[in-house]
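Just so it is clear, none of the values below were taken in a lab; they were calculated from the coordinates. Since this is a predicted model, take the numbers as computed values, not measurements. Every residue, glycine as well, gets a Cβ built from its backbone with ideal geometry; the counts of neighbours run over all protein chains shown.
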Amino acid sequence: MRLTKSMGILLLGISMAAFLTACKSTSGSTPGSSAVGNSTQRSGETGVSADPGEVTTVRMWSNDQHDQAVYDEKIKEFNETIGKEKGIVVEYTVYGSDYYTTLDVAVTAGEGPDIFKSNKIGNYSKAGYIMPWDDVEGLKGLVERFQQYNAPGYGIFGDKTYAIPFRVTTYGIACNMDIFKENGLTVPATWDEMREAARVITESSNGSTYGYALAMGYSSYDYFYVNLANAASVGDEYFNHATGRYDYSSLRGFFGHLQEIIDDGSMFPGFETMDGDTARAQFSAGNIGMVGVLSSDVMTFKKQFPCNFDWEVIPYPVKNAENRYKEPVGVSLSYVINSGVKEKGYEDKVAEFMKFLYSDGLFVATNEAQVDISILGDEITSQSTAVDMDPNWLRFSDMDIYCIKYPNPDGELSVEGDGFHDVYNKILTGMVDVDNGLEDLTVRYNEALDQAISSGKVNIKDYIDPDITAKMKWVK
Amino acid sequence: MGEVELKSALPDMHIYLEVLFKEVLMSRILKRNNKLHTGNKIQEILMITPMTIGFLMFSVYPIIWVLRWSFFKYNGYSEPVFIGLDNFVRVFARDPAYWGSLKNTFLIAGLKMLVEIPLSLLLAVFLNNRIKGSSFFRVVFFLPSVFSIAVVGLIFSILFSAYNGIINAALRELGFISRNISWFSDKGHAMFVIILVSLWTTFGLNMIYFLMGLQNISQSLYECSAIDGANEIQQFFHITVPMVAPILQLVLMLSVLGTMKMTDLILVLTNGAPGGSTEVVMTYIFKYFFSYGESSSKEVQFGYASAMAVITAIILGIVTLIYLKVSKKMRSIDE
């Protein structure tokens, strides 16, 4: 009896101890546990050799692994110079593929970092999780400097600026020049030339090399290698910025162009589920003649998947070379500031760091490291003193062939059923007829747009750009 | 007279004392038992407390959470909007993709079961005979059950790769195909691979269940039937199958429910591709609950996902009830 009682008490004790230990370790290890506003500490505790006084720790999160080395170096420089002088220490954390899930949990729990890269600026601003920049004296200069690149839907929501665009990701088609030379080919400028080049490469290799790889397993393939690629031929995206209506029928010709390559057997086998890294790996192994690439791939093909052959990036070929447009390019996701910063009263310290984050010095450093293209274009590249820059990086950085595109209202719509990504997948795998699929998309997206306009969620004037034709005009 | 009365009264007194003694004894025993019972009760409560806390936190609370949000339009960060039954109406009236994914789930469960159950039972019967090397094969067949699904999915996606995949190479070498098959580019081929891989990971475990059932069948039944002239096939259908019926009922139910809850294998192997044609009901709901990796094209919709989860749970419950009703006869060997 005594034994059983003792055992019971022991069991309860163990469970309680385990429970309490778990709670303790959780609260101690959560990244966000130092919470917004709890970030003021004595300088001696941070290891900063500053005069006795208070140091504010500013936490910044992102998922940018490609430029982490440059950012780590520059932030260290900030902490040792401006930060030391003004009592600011920046802690920069880079997350992996689970970044946005981690961020959502932290932000909604009130434990988000002070500065973070966001893919839901509109939603977060409406929910009050992030603060507008217009009211902070130290940020007004930045808002004004980047105003010409900002727009409703990018960093402006409800007439307030919550973020400023600062860099772009450009894209193109990488050509294996060794394969092109072996087959006596020149880089294609039109869809027909691309199809022909893909066919010749595939046929001459007897099944070991394929002409083109559209990696449909890559989540943004539809954005870079369908929507934007098509816009260089037709002058706008599926959302017509002149009329303010959706028109997916403008993609009919482009899907025909892709279908021809598929029907020729020139598309890399398994492209339907191939992810971006697999496509890059196969290209670097010399098994693909042409593949879609992003500006960040310049370093990828040097370090991650080194190419032991010459490769050259070209703009995505167009339907008619005599009547082509610039390639639209969207701004990359921007940093936002947690509204808790203002509540706790250290927005001036955060503003001080934001000025450094958006400074020419940092833009030049990332450009010279060939990891980021500043939205300021020539203003930054002209300051660069680096020699031996990769010619492909220079091609990617040439903003004359790109047009910074106007945002689309997609993110503000509640579209039921398959989104355009799913419908594109179905068209390219033969599950849906191209005309029916595009017509269905046009109808459903316009219905959702009308609902969003009538409910006041979308102000269509924010998405209409009367100068779109002039902006897209090819001037090279 | 008084002596007589006393003598006659003595046995009564004896009985009385005996009864009294028994009562006292019984009351003491009962008291002791009550104490014992009370002590046991405390111990029982203490022992089930951790499990109960876990059950309440990880089963009851999520169920209440899902039921509550199924009546809201909510994405996790915006203000939740009560929309009544609209999420349920959307599932039934405006979302054919959900029913497509449910159809795929039943298709995979049905086709898999058709192969898996006979295969597991036959292998169990063979391995139950003490032939040389049977222990080795038991381990080999059971081994896939303990592998991580993520690893299995990755290995099979490499095996079935359209470019330089071993399966394509073997089929070409044997002359069955002249051009590589793109196994994940159309629904038919992709479903074939999914069923095959799913089968490979579970048949070993079911074989072990059947082996346990077979080992409980008395040898005398076979000996008697052999004397009566029954051959091995007759013994299999008239003794083995009826005797393992309770196990068969369990295995069938586990197989159907396991397949209907299949999530990880689909996410690793096809992630619903091509064009969502291999999506099963759990992956479909999962993608509305969580933004899965970078390949997700769906916006997180907790409310709608909750409504789909409730409907799916009801459907699975109905399927289980029907199955238990239909297979009632299998529950007892005597019946």
**Study point:** Inter-centroid distance (Cα atoms) of the range B:197-228 relative to the range A:220-268, Å
**Key:** 59
Point to revise | Simple Cβ-charge dipole of the protein assembly as shown, Lys/Arg +1 and Asp/Glu -1, about Cα centre, in debye nearest 20 | key: 3300
Practice item. Could you tell me what percent of the DSSP beta bridges with both partners in the protein assembly as shown are antiparallel, to the nearest 5? Key: 60
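Suppose only helical runs count, i.e. DSSP H with n ≥ 4. What mean residue ellipticity at 222 nm does that imply for the protein assembly as shown under -39500 (n - 2.57) per run, divided by all residues and rounded to the nearest 500 deg cm²/dmol?
Counting only the DSSP helices, I get -16000 deg cm²/dmol.
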Point to revise | Computed over chain A, Cα set: Rg, Dmax in Å | key: 25.7, 96
Review point. Can you work out the FRET efficiency for the pair B:S148 and B:S78, with r the C-beta to C-beta distance and R0 = 45 Å, to the nearest 0.05?
Key: 0.80
Practice item. Quick one: grab the alpha carbon gyration tensor of the range B:86-331, order the square roots of its eigenvalues as a ≥ b ≥ c, and give me rounded if a/c is under 1.5, else prolate or oblate depending on whether a/b is larger than b/c. Key: oblate
Review point. Which value, in debye to the nearest 20, gives the size of the charge dipole of the range B:43-105 about its Cα centre, when Lys and Arg are +1 and Asp and Glu are -1 at the Cβ?
Key: 260
Point to revise | For B:74-83, mean number of other protein chain Cβ atoms within 10 Å | key: 3
Check your understanding: Say the dipole of chain A comes from +1 at the beta carbon of Lys and Arg and -1 at that of Asp and Glu; which of A:N176, A:A369, A:H241 then lies farthest toward its positive end?
Key -> A:A369
**Study point:** For the range A:267-385: relative contact order, % (alpha-carbon pairs under 8 angstrom, 6 or more apart)
**Key:** 20
Check your understanding: What does the highest-first list of B:259-267, A:359-367 look like by mean Cβ count within 10 Å?
Key -> B:259-267, A:359-367
Practice item. First check a/c for the range A:322-386, with a ≥ b ≥ c the square roots of the eigenvalues of its C-alpha gyration tensor; if it is under 1.5, answer rounded, and if not, answer prolate when a/b is larger than b/c or oblate otherwise. Key: oblate
**Study point:** Average partner coverage of A:264-277, which counts Cβ from other chains inside 10 Å
**Key:** 5
Revision key, fill the gap. For A:S454 and A:T186, extending 7 Å from Cα along the Cα-Cβ vector and measuring point to point gives, in nm, a value of 5.5
Study note, to complete from the structure: The farthest towards the positive end of the charge dipole of the range B:86-331, of the residues B:I177, B:T263, B:F236, given +1 on Cβ of Lys and Arg and -1 on Cβ of Asp and Glu, is B:F236
Check your understanding: In the P(r) worked out for the range B:163-251, what percent of Cα pairs fall beyond 23 Å?
Key -> 52
Point to revise | Built amide H within the under 5 Å cut-off of A:G289, gap 5+ | key: A:Y210, A:G211, A:Y212
Study note, to complete from the structure: Checking B:I53, B:I45, B:I177 against a Gaussian network model of chain B (alpha-carbon springs below 10 Å), the top fluctuating residue turns out to be B:I45
Revision key, fill the gap. When chain B is treated as a Gaussian network with springs between alpha carbons less than 10 Å apart, the largest mean-square fluctuation among B:K103, B:K132, B:K73 is found at B:K132
Check your understanding: With springs only between Cα atoms under 10 Å, which of B:V60, B:V256, B:V139 fluctuates most in a Gaussian network model of chain B?
Key -> B:V60
**Study point:** Mean Cβ neighbour count within 10 Å, used as a protection proxy, ranking A:136-148, A:272-284, B:240-252 highest first
**Key:** A:272-284, B:240-252, A:136-148
Review point. Over what distance in Å are the Cα centres of the range A:272-321 and the range A:426-467 separated?
Key: 31
Study note, to complete from the structure: Inter-part gap, Cα centre of the range A:349-391 to Cα centre of the range B:89-115, in whole angstrom, is 52
Check your understanding: Which of the pairs B:K287/B:K329; B:K187/B:K261; A:K355/A:K405; A:K461/B:K73; A:K319/A:K426; A:K342/A:K457 have their Cα atoms more than 29 Å apart in this structure?
Key -> B:K287/B:K329
Revision key, fill the gap. Low-density loop chymotrypsin sites (Phe, Trp or Tyr not before Pro), the range B:109-200, at most 11 other Cβ within 10 Å, DSSP non-H/G/I/E/B, are B:F176
Point to revise | Averaged over A:407-414, number of beta-carbon atoms from partner chains that fall within 10 Å | key: 1
Review point. In chain B, which helices (entire DSSP H runs) extend 24 Å or more along their own long axis, judged by Cα positions, while averaging at least 0.5 on the Kyte-Doolittle scale?
Key: B:96-128, B:187-215, B:302-326
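Per residue, how much space in cubic angstrom lies within the convex hull of the C-alpha atoms of the protein assembly as shown?
Numbers: hull volume 229.4 nm³, N = 811.
Output value, Cα hull per residue: 283 Å³.
For the range A:318-476, just say rounded, prolate or oblate: build the C-alpha gyration tensor, square-root its eigenvalues into a ≥ b ≥ c, call rounded for a/c under 1.5, and beyond that prolate if a/b exceeds b/c, oblate if not.
Oblate shape, in that a/c is at least 1.5 and b/c is the bigger or equal ratio.
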Study note, to complete from the structure: The relative contact order of chain A, taking Cα pairs under 8 Å that sit 6 or more residues apart, comes to a percentage of 20
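Can you tell me, using C-alpha contacts under 8 Å and at least 6 residues apart, the relative contact order of chain B as a whole percent? Spell out each step's value before the answer.
Values: 305 pairs, mean separation 85.0, N = 335.
Relative CO of chain B lands at 25 percent.
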Practice item. Taking the Cα centre of chain A as origin, sum charge times position over the Cβ atoms of Lys and Arg (+1) and Asp and Glu (-1), and report the length of that vector in debye to the nearest 20. Key: 1420
Review point. Quick one: of the DSSP bridges fully inside chain A, what percent are antiparallel, nearest 5?
Key: 55
Point to revise | Positive-end extreme of charge dipole, the protein assembly as shown - chosen from A:M431, A:T161, A:V105 (charges on Cβ) | key: A:V105
